[in-house]
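Asker: Right, I'll just put the structure down here and ask away after.
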Amino acid sequence: MADGRTNGAGRPRLPLAGLRCIDYGVWHAGPAVTAMLADMGADVVKIENRHGDPTRRFSRYHGYSVRLPRGDCVHMQLSNRGKRSLSLDVSTERGRAIATKLIADADVFVTNLREEHLRRVRLEWADLEAINPRLVYTHVTGFGPEGPASARRAFDTLAVAQSGLLSVFNPDEPEPFLFGLGDQMAAVTGVMGVLAALHERTTTGRGQLVETSLYGALLHLVAMPLHIQLAIGEAIRPPARDEVFNPLTTWFRCRDGKWVMLSENMPDQKWPLFCVCVGREDWITDPRYENLRARGRHARELIHEIDTILATRDSDEWVRVFADADLAVAVISTLTDVATDEQATVNGYIAAQEYPDAPFTRRGAGFPVAFGGHARTEFARGPMLGEHSVEILHSLGYTNDDIRDLVDDGVVGAGDTAEADQVTGSAERSP
């Protein structure tokens, strides 16, 4: 396969350059694995059926439009940046033959489709291992490959519900949350598995099956409170803001209405510096606050006194004062704050992303790893449905006449011939 990056001019060679990946996934958890591999330089071909990944047609989230100017979804650009799209009906013999030609020369195959669908189209691990023994086959499931929930349909919110994550934040009643935590965490663990399997392949010469799940990834995310629960046999409850034992590990409202978070885990060493910062040097010798144990006994009254002081200045002033004293501090940001945070943009954590209708660009969530000391400042866009079908088929040896026949027979969608109809959800399309 040729290098499929669409905006790589002038960009330094990335560590996965030359790695060939096939994405046969939908929504986010599976496609995000290959999006991150593409961020690291891999050439990723996304196989979509003639209607495309259903993410393309996702339009609203709790009343908010998530459409871009050409009608595709912002999530499509997040989940599929830097890939090439092959619109292909793999349920047909000719479609599967094209897919297996691609897979025979690939390094990685990633899917989050259900086992029943993979079995029907003969794209399970056993099928593909026979074609390409060096293939790293990565399957992202909802609840894991074994157990009573293994065959259930799963989406991010369901895995979050079962993982205990909501109870960590509020044990008494679930509260609304932004979706995507399970999908994104599963993708991160999927990338870890891919890279480990590729490393092992350098010594064994063989690929292997890599499995992860939304549920398992979320349990990994809550590992610290879960580990305490398993160790002591008792669920821990987050304390109220003024009930913490260490008053330098809580949050305070400032004059501008924003909150600053302190997280000082060397409280006795840093206590005098904090007292100087807030203009209460008398607290340094106050016997009520002479050490952590003493401050813990008087934590509530001390926190309320600190509340009064921090309410006299804006959050950015307090962050600057505490940071200058080498105290551990951060503002509690909203996503609106993050969107304009210089710390996010200068490191490429939020970056420009090109779009099909040049010179239109937009900003999006970037990739948080830099290589060679170069922060990434621009990201390749996601492909339009079937945008690269002809190019990919040519690379496999198909002639223009062959491709025309495949398009006419509905096996392949290419450019404007790729269907964009609304498709109702079905079990085979669910991760």
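Asker: Between the helical axis of 93-104 and the dominant principal axis of the chain, each derived from Cα atoms, what acute angle in degrees is found, rounded to the nearest 10?
Answerer: 60
Asker: Relative to the compact-globule scaling 2.2 N^0.38 Å, provide the ratio for the alpha-carbon radius of gyration of the chain.
Answerer: On the way: Rg = 25.7 Å, N = 431, 2.2 N^0.38 = 22.1 Å.
Here the answer is 1.16, to two decimals.
Asker: Could you state the angle between the C-alpha long axis of helix 267-277 and the longest principal axis of the C-alpha atoms of the chain, as a value from 0 to 90 degrees rounded to the nearest 10?
Answerer: Taking Cα atoms only, the helix is inclined about 70 degrees.
Asker: Let me cross-check Ser87: its accessible surface, 1.4 Å probe, with only protein heavy atoms counted, in Å² to the nearest 10?
Answerer: Looks like 0 Å² after rounding.
Asker: Ok, one more. Which net charge results when you count Lys and Arg as +1 and Asp and Glu as -1 among the other residues whose beta-carbon is under 14 Å from that of Arg300?
Answerer: Here the count lands on -1.
Asker: Any chance you could list the semi-axes, whole Å, largest first, of the equivalent ellipsoid that the Cα gyration tensor gives for the range 1-156, using √(5λ)? It would help to have the intermediate numbers written out before the result.
Answerer: Values: eigenvalues 109, 100, 45 Å².
Taking √(5λ) for each eigenvalue gives 23, 22, 15 Å, largest first.
Asker: Leaving out ligands and nucleic acids, and using a 1.4 Å probe, what accessible area per residue does the range 86-198 come to in Å²? Intermediate values should be presented prior to the final figure.
Answerer: Working: 5050 Å² over 113 residues.
In whole numbers, the range 86-198 has 45 Å² accessible per residue.
Asker: If you take the charge dipole of the chain about its Cα centre, with +1 on Lys and Arg Cβ and -1 on Asp and Glu Cβ, which of Leu118, Ala149, Gly180 is farthest toward its positive end?
Answerer: Leu118
Asker: Computing the accessible area with a 1.4 Å probe over protein heavy atoms, can you report the carbon and sulfur percentage for the chain? List each step's numbers first, then the result.
Answerer: Numbers: 11510 of 21120 Å².
C and S fraction of accessible area: 55 percent.
Asker: So if R0 is 56 Å, what FRET efficiency would Ser65 and Thr285 give, r being the distance between their Cβ atoms, rounded to the nearest 0.05?
Answerer: Once the sixth-power term is evaluated, E becomes 0.45.
Asker: Right, another one. Which order do peptides 89-98, 184-193, 320-329 fall in by mean Cβ count within 10 Å, highest first? Let's see the in-between values first.
Answerer: Working: 89-98: 17.4, 184-193: 22.9, 320-329: 15.3.
Top of the packing list down: 184-193, 89-98, 320-329.
Asker: Ignoring ligands, DNA and RNA, what accessible area per residue does the range 225-341 give at 1.4 Å, in Å²? Write out the running numbers ahead of the final one.
Answerer: Numbers: 6810 Å² over 117 residues.
So the range 225-341 comes to 58 Å² accessible per residue, rounded to a whole number.
Asker: Using the Kirkwood radius over C-alpha pairs as Rh, can you work out the diffusion coefficient of the range 143-214 via Stokes-Einstein at 10 °C, viscosity 1.306 mPa s, in µm² per second? Before the final figure, lay out the partial values.
Answerer: Values: Rh = 14.1 Å.
After rounding, the answer is 112 µm²/s.
Asker: Among 115-126, 135-146, how do they line up by average Cβ neighbours within 10 Å per residue, starting with the highest?
Answerer: Values: 115-126: 15.6, 135-146: 22.7.
The packing order, highest mean first, is 135-146, 115-126.
Asker: For the chain, what is the calculated [θ] at 222 nm in deg cm²/dmol (nearest 500), taking -39500 (n - 2.57) for each run of four or more DSSP H residues and dividing by its residue count? Spell out each step's value before the answer.
Answerer: Numbers: 18 runs with 162 residues, N = 431.
Calculated from helices alone, the mean residue ellipticity at 222 nm is -10500 deg cm²/dmol.
Asker: Here's something else I'd like to know. So how tilted is helix 223-232 from the main axis of the chain? Cα-based, degrees 0 to 90, rounded to 10.
Answerer: With rounding to tens, the tilt is 60 degrees.
The values are calculated or read from the model by the stated rules, or taken from the named source; none is laboratory data. Please read all numbers here as calculations on a predicted model, not as lab measurements. Here the Cβ is made from the backbone with ideal geometry for all residues, glycine too, and neighbour counts use every protein chain on show. Please note that ligands, DNA and RNA were not included when accessible areas were found on the heavy atoms of the full protein model with its side chains. Shrake-Rupley method; radii C 1.70, N 1.55, O 1.52, S 1.80 Å.
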